[in-house]
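Let me begin by presenting the structure, written as structure tokens, before commenting on it.
The values are calculated or read from the model by the stated rules, or taken from the named source; none is laboratory data. Remember, it's a predicted structure, so these values are computed and weren't measured experimentally. So basically every Cβ, Gly included, is an ideal-geometry build from the backbone, and we count neighbours across all protein chains shown.
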Amino acid sequence: MDLSAINPVILTASLMVAATPILLAAIGELVVEKSGVLNLGVEGMMIAGAICGFAVAVETGSPALGFLAAALGGAGLALIFGFLTQVLMSNQVATGLALALFGLGLSALIGQRYQGVKPPATARLDLGPLSDIPVLGRVLFSHDPMVYVSLGLVAAVWAFLRVTRAGLILRAVGEGHDAAHALGYKVVRIRLMAIAFGGACAGLGGAYLSLIRVPQWTEGMTAGAGWIALAIVVFASWRAGRVLLGAYLFGGVAVLQLNLQAAGVPVPVEYLSMSPYLITIIVLVIMSSRRGRAAVAAPASLGRVFHASS
Amino acid sequence: MIWLEKRAAPSRFWTVVTPLLAVALTMLAGGVLFAALGKDPVAAIRTIFWDPLFNAQFASYSRPQLLVKAGPLILIATGLALGFRAGVWNIGAEGQYIVGALCGAGVGLAFYPLEAWYVFPLMVLAGGLGGWAWAMIPALLKTRFRTNEILVSLLLVYVAEQFLASMSLGLMRNPEGGGFPGSRNLQQYPSAANPELISGTGLHWGVVVAFVALIMAYILLHRHILGFQIRLAGQSPRAARFAGVNANRLVVFCLGVSGALAGLAGLFEVSGPAGQVNIDFNQGYGFTAIIVAFLGRLHPVGILFAGLLMALTYIGGELAQFMLQIPAAAIQAFQGMLLFFLLGVDVLTNYRVRIGIRETA
Amino acid sequence: MTALLKVEGLAKAYPGVVANDDVSFDIAEGEIHALLGENGAGKSTLVKMIYGLVRPDSGRMVLRGQPYTPAEPRAARAAGVAMVFQHFSLFDALNVAENVALGMENPPPMGHLAERIRAVSEAYGLPLSPERLVGDLSAGERQRVEIVRCLLQDPRLLIMDEPTSVLTPQEVEILFATLRTLAAEGTAILYISHKLEEIRRLCDRATILRRGRVVDSCNPREKSAAQLAEMMVGAKLSVPRRAASAPGEVMLEVAKLSLPSVNPFGTSLRGISFIVHRGEILGIGGVAGNGQDELLSALSGEAIASAGTIRLFGQPIGALGPGARRRIAVLSAPEERLGHAAAPDMSLTENALLTAAIRQGLAERGFLKWPAARAFAQKVIETFDVRTPGPGNVARSLSGGNLQKFVIGREVLQKPEVLVVNQPTWGVDAAAAASIRQALLDLAESGAAVVVISQDLDELMEISDRFAALNEGRLTPARPSRGLTLEEIGLMMGGAHDMEVPHAVG
């Protein structure tokens, strides 16, 4: 074993790459849950985004169009969920599971023809002299554009929820849909928009996996990333800044265990591979065992069915 | 304008009819899907739903497969349905299935090559306990720390899959297997095998246990106070607490039972149809069983039919893959679609569809 | 006086019920107009139509001479109609300023809004700090948030739906002063209530609704409460009777009961002590949200206390769960009928099983005796005159009054030694309320100890032997109900929580 092969600078830089898919999915899910909807189908939307983005990028040769298609695909799938849960008032847990299963099946179906194909490369953003700064340049300023898009999204969601009126209305709908309805807000419409946004973000996250991080298409390639994104929203106590922290922590674990595998640490590969899932569980336990206000940061209407009866 | 009006009481008629309607809609939408893939939709639907049972050429092979596939689905779904009724969401049955199989097979392999009557019963016990123990992790985390059981049970599936890989490549690898991954074939070890009980039917011990579990679940839900408490806790948690139901005990019970049944399903599979522990041992029964549970309306009788139907789509799907080159993934999408339609048409059970003018809402 | 709002022939029908039928009345500027009627008379539907939440089937409205057809609350607010809801339209996890902003069409920036909230709330004697989380406020303070939200929009018509049910008598006085100030400035107020004395003191005119129709209108100051009640109910009501008797032995004793709240916005119980004798009804009053739910949970066994804090005949029972308490005949009926006292989607037979399985022997070695359960449900239905086709019907298909009769009857027929009820007649029509009160009196007379937690002071004065009040999780010492004045009761309930009489015009 050779631990000296692990370079902390590259580790940190690749941590950001490893965290980005989950960060994208989690920030989208945060908005969905803030509106009072629990969409457990993140895994399904991510993998649908992964194949939509991959297929379109391969067919058109443009990664940018690929990401666009991934966002649309994720949002489209999310709107099926939205229609079922918001209009037909189905159980959100069950429908979310259905979405996860359906997304996996559908993506495998579309992906038949793309096994083993190589996608067009996404150019790194050239930030000129910034990228040449020692250490910092490598860590912060030599990534592909999506890394910065994801960071921008986190900032935008933070600002949206905190200072805008639309964000206030979204939070109100999530806190008490009956009260929001009584004040005349369109609960269902607002939630559908949030669901579509969440789906688009998950789709982008999936496409990031298939187009940049891996980059190729394999069935079931999200391997639980969507579920981890859900866990990170809980970890973050429904706060945008903490989603970033959670995703990067997770990215760190994922990259570290890969590095340890490569360095030949005398622990079976399978046990290193299961570590991200185990650590996610441990973090969930720590977060949920806390008492008091922080433990109930969840939006009050989360997961409840809304029916305008008046 | 169309709108929905809540019924004073859930409609019994629609409770029974909606699953059938969902199946019909899925066939229609599936036909469209197959047509989009450039296949003849009628032929595809016939190949999936009709040929496995009635086509002279295939039925002799396919019919026994029906029980082989339905057995684990029904067994797992029965346990899951108890939990879903109580609002306890175990969606990690796939992981419990794997761990049950590993524990059961581990016991069998440890006795190899001893031939004794007690080997198989011990394996069954170990399989059930393995699944139970794996499900106890989310159960205890939920009761001790209020950790969300959905996420924990699901994440543990990935952990279990890594265990499975580790076992089939390491500890349980067949020493006489020429370096290939996978354990000894338990079918060739009579004391540990779960054979076909009546030749040509596909009936094995797992199917028998599945039927027993269904009957027990029916009695529990409809004749026993624990079943009443399960239904009460799922519908109205606060009323359940008022009635004196211990929510934590229900969580432990529901996760424990569903885990044990999933573990048993894994054991019967590994010692029967699959025969050995291997990397690709798990085929997604733990996830499909979620669909079976809902399609069966979380009711034992419904689960029986839903399990058989889902088994049929598996077999028909294989047949369609072979005959019409329809990709295997299409069946997975098909099953997901079925659940969508079911959840969608479910609205008719609790709401009345009204057409006309209404007030703003 | 010119009519500000004219309502002509409004009608609204829901499947199975006619909520409003040919309702006409008008309100003048600066008038305080009462809408009087018992629960289910159609008051709520009527104001929802005025506020744009419900569209009428027929009829029309005219506001300041213009046809008025609000398609949604937003349109109503734009036209100068504001509403303070009975069940508050507030968000616990948001602060006061955010809650106010959500009810306004074009709120100013947060900083500026906070200033205006302070200014307006002080001008009308309703002090509020904009940064506080609404979930931490008392019921009275929460109502202030609603009122201030309305006032910031300079409404021409202010609708108030049962505003005093969450206030102490002193707070009611201050609210009335605020409303009179507003009326003097020309704002019309539509005041919905079934409390006759309040209407007589406050309102200039009253329109009386019964079963969805206007049955009368009058100047309430010229009528006696009894006359108003007769107009409202349409028949003379029998006042509950009881035989005077000397209190018996001490049955239930609660000593220094303290329990932290499990809910972050709930109330913790602090050192609660009281005793109840055989044959006695102890009334516990107090404004909503001062620990009523928590006290019921502690007495029913849903929340476990330390053993010695609750005693039955001297035996500690504080650590027993709900089942164990039922076994020793300590029974209870919570406030929330649907979802707490009863499971909405379960049949009445199953709901009978919910609390009666142990005492009525409805299960044997865990196996349910369905015929026995059905028979018990049937017995409750017959004894308490519950109007339903049969025990197979689900709980939520019953009207509030009928379900409440079922819930109370289910406990009473189990022959409790101690019965604790919370809000036994909340949202129940007058006839059902009278029969429920009579059942509680009869139960006490037969030798049970009864604790009635209620926010309806009239009810408590009518049936209780002694009275105590909950205030922020503390209970005052109990005093004999007979002879208590309204002012004394108000002080027991905590007086006016830091409120002041309005002094200026905003």
Test: residue in the range C:96-108 that is of a type in the set (Gly, Ala, Ser) and assigned to a helix (DSSP H, G or I)
yes
Identify the residue in the range A:139-154 that is of a type in the set (Gly, Ala, Ser) and surrounded by 14 or more Cβ atoms within 10 Å (Cβ to Cβ) and, among all such residues, is farthest from the other protein chains (Cβ to nearest Cβ).
A:142
One residue is enough: does the range B:17-26 have a residue meeting the conditions touching an Asp or Glu at 6+ places or on another chain (Cβ under 8 Å) and surrounded by fewer than 17 Cβ atoms within 10 Å (Cβ to Cβ)?
no
For the range C:44-76: of the residues being of a type in the set (Gly, Ala, Ser) and either in contact with a helix residue (DSSP H, G or I) (Cβ under 7 Å, 6 or more places away or on another chain) or surrounded by 16 or more Cβ atoms within 10 Å (Cβ to Cβ) (or both), which is nearest to residue C:12 (Cα to Cα)?
C:59
Suppose the filter is aliphatic (A, V, I, L, M), assigned to a helix (DSSP H, G or I) and either more than 10 Å from chain A (Cβ to nearest Cβ) or surrounded by fewer than 24 Cβ atoms within 10 Å (Cβ to Cβ) (or both); does residue B:298 pass it?
no
Starting from residues that are at the interface with chain B (Cβ under 8 Å from one of its Cβ atoms) and under 19 Å from the mean Cα position of the chain (by Cα), keep the ones in the range A:82-95 and report whichever is surrounded by the fewest Cβ atoms within 10 Å (Cβ to Cβ).
A:93
Among C:111, C:135, the single one that is touching a residue at least 60 places away in the same chain (Cβ under 8 Å), of a type outside the set (Val, Ile, Thr) and either surrounded by 18 or more Cβ atoms within 10 Å (Cβ to Cβ) or part of a helix (DSSP H, G or I) (or both) is C:135
Long-range neighbours under 7 Å by Cβ, at least six apart or interchain, first residue within 18 Å of residue C:420 (Cα to Cα) within the range C:245-271, second in a loop (DSSP other than H, G, I, E, B) and at pLDDT below 80:
none
Neighbours by Cβ (under 8 Å, 6+ apart or cross-chain): first from the range B:179-193, in contact (Cβ under 8 Å) with a residue 12 or more places away in the chain and in a loop (DSSP other than H, G, I, E, B); second surrounded by 17 or more Cβ atoms within 10 Å (Cβ to Cβ) and small (Gly, Ala, Ser)
B:181/B:168; B:182/B:168; B:183/B:105; B:183/B:168; B:185/B:275; B:189/B:108; B:193/B:271; B:193/B:272
Could you say whether any residue in the range B:131-141 is out of contact with any His (no Cβ under 8 Å at 6 or more places or on another chain), free of Cβ contacts under 8 Å to residues at least 12 places away in the same chain and under 17 Å from residue B:252 (Cβ atoms)?
yes
Hey, can you tell me all the residues within the range A:261-276 that are farther than 22 Å from residue A:232 by Cβ and either touching a helix residue (DSSP H, G or I) at 6+ places or on another chain (Cβ under 6 Å) or without any contact (Cβ under 8 Å) to a residue 12 or more places away in the chain (or both)?
A:261, A:263, A:267, A:268, A:269, A:270, A:271
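Condition check ((1) within 13 Å of chain A (Cβ to nearest Cβ); (2) in a helix (DSSP H, G or I); (3) within 16 Å of the chain's Cα centre (by Cα)) across all residues:
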residue: B:89; (1), (2), (3): yes, no, yes
residue: B:105; (1), (2), (3): no, yes, no
residue: B:121; (1), (2), (3): no, yes, no
residue: B:124; (1), (2), (3): no, yes, no
residue: B:141; (1), (2), (3): yes, yes, no
Provide a single number: the residues in the range C:262-282 that are modelled with pLDDT under 85 and either hydroxyl-bearing (Ser, Thr, Tyr) or farther than 22 Å from residue C:455 by Cα (or both).
2
Looking only at the range B:225-234, decide whether some residue is in contact with a strand residue (DSSP E or B) (Cβ under 8 Å, 6 or more places away or on another chain) and within 14 Å of chain C (Cβ to nearest Cβ).
yes
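Here's the yes/no breakdown for (1) in contact with a helix residue (DSSP H, G or I) (Cβ under 7 Å, 6 or more places away or on another chain); (2) part of a helix (DSSP H, G or I); (3) more than 8 Å from every other protein chain (Cβ to nearest Cβ):
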position	(1), (2), (3)
A:80	yes, yes, no
A:97	yes, yes, no
A:102	yes, yes, no
A:109	yes, yes, no
A:117	yes, no, yes
A:134	no, no, yes
A:137	yes, yes, yes
Taking residue B:46, is it of a type outside the set (Gly, Ala, Ser), at pLDDT below 95 and in contact with a Leu (Cβ under 9 Å, 6 or more places away or on another chain)?
no
Residue list for the range C:413-432, restricted to those being under 15 Å from the mean Cα position of the chain (by Cα), outside any loop (DSSP other than H, G, I, E, B) and at pLDDT 90 or above:
C:421, C:422
Could you grab the pairs with beta carbons closer than 7 Å, sequence gap of 6+ or different chains, first residue in the range B:264-278 and of a type in the set (Ser, Thr, Tyr), second one surrounded by fewer than 22 Cβ atoms within 10 Å (Cβ to Cβ)?
B:271/B:193
Would you be able to say whether some residue in the range C:480-491 is of a type in the set (Gly, Ala, Ser) and modelled with pLDDT of 90 or more?
no
Is it fair to say residue C:308 is at the interface with chain B (Cβ under 7 Å from one of its Cβ atoms), surrounded by fewer than 19 Cβ atoms within 10 Å (Cβ to Cβ) and part of a helix (DSSP H, G or I)?
no
Please work out which residue is farthest from the other protein chains (Cβ to nearest Cβ), limiting yourself to the range B:143-165 and to residues that are part of a loop (DSSP other than H, G, I, E, B) and in contact with a Pro (Cβ under 9 Å, 6 or more places away or on another chain).
B:148
Given the conditions (1) more than 25 Å from residue C:13 (Cα to Cα); (2) surrounded by fewer than 18 Cβ atoms within 10 Å (Cβ to Cβ), every one holds for residue C:91 apart from (2)
Residue count for the range A:164-186, restricted to those that are under 12 Å from residue A:299 (Cβ atoms) and either hydroxyl-bearing (Ser, Thr, Tyr) or at the interface with chain C (Cβ under 8 Å from one of its Cβ atoms) (or both)
5
Pick from the range B:34-55 the residues that are of a type outside the set (S, T, N, Q) and not in a helix (DSSP H, G or I): which of them is surrounded by the fewest Cβ atoms within 10 Å (Cβ to Cβ)?
B:38
Is at least one residue of the range C:333-348 part of a loop (DSSP other than H, G, I, E, B), more than 8 Å from chain B (Cβ to nearest Cβ), in contact (Cβ under 8 Å) with a residue 24 or more places away in the chain and of a type outside the set (Phe, Trp, Tyr)?
yes
Going through the range C:276-294 in order, the residues found to be touching a Ser or Thr at 6+ places or on another chain (Cβ under 6 Å), under 26 Å from residue B:241 (Cβ atoms) and of a type in the set (A, V, I, L, M) are C:287
